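The values are calculated or read from the model by the stated rules, or taken from the named source; none is laboratory data. All of these numbers come straight from a predicted model, not from anything done at the bench. Cβ coordinates were reconstructed from backbone atoms using ideal geometry, including for glycine residues, and neighbour counts include every protein chain displayed.
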Amino acid sequence: MTGERLEGRCRWHFDGEAITVHIPMTFAHRSGRKLILAPDGGDAWAPTRPTPDEALIRALVRAHRWKRLLDHGPYRSAGELSEAEGLTRSFVNRLLRLTLLAPDIVEAVLDGRQPKGVQLDYRNRPIWAAFLC
């Protein structure tokens, strides 16, 4: 029994003893590593690495620093802090809300495991709304 079949981009051939499968792919070197590239040029087999959002992390750090300054530092209100930092009071208050995030959400943001839609939105939507989905 012999057979040959063409399905999409993968081909196979059976000669009675062995099945030969042809899968179109390319081998490449990136950053000193060998990769197998899919037909579309992407690295289809590589697991996606978590990518921390640097702007969001900076905002978290900034908010916690401001919270510490309000609790133990020279400033008694967000108004005084905003004047000292040269920012608007509403911006300072919005960022201070980041200190109220649950520890597991903060950990997810720091590890880069936040949902794809989570980003720092300075306008209206609270950041934790994306975690409720």
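Scanning region 44-94 for residues that are in contact with a Gly (Cβ under 7 Å, 6 or more places away or on another chain) and touching a residue at least 12 places away in the same chain (Cβ under 8 Å) gives Pro50, Thr51, Pro52. I'd like to check something: does region 54-74 contain any residue that is outside any helix (DSSP H, G or I) and either at pLDDT below 70 or buried (at least 16 other Cβ atoms within 10 Å of the Cβ) (or both)? No, region 54-74 contains no residue that is outside any helix (DSSP H, G or I) and either at pLDDT below 70 or buried (at least 16 other Cβ atoms within 10 Å of the Cβ) (or both).
Only one entry of Ala84, Ala129 meets the criterion of being modelled with pLDDT under 90 and in a helix (DSSP H, G or I), and that entry is Ala129. Considering region 2-50, and only residues there that are polar (S, T, N, Q) and surrounded by 10 or more Cβ atoms within 10 Å (Cβ to Cβ), the residue that is modelled with the highest pLDDT turns out to be Thr20.
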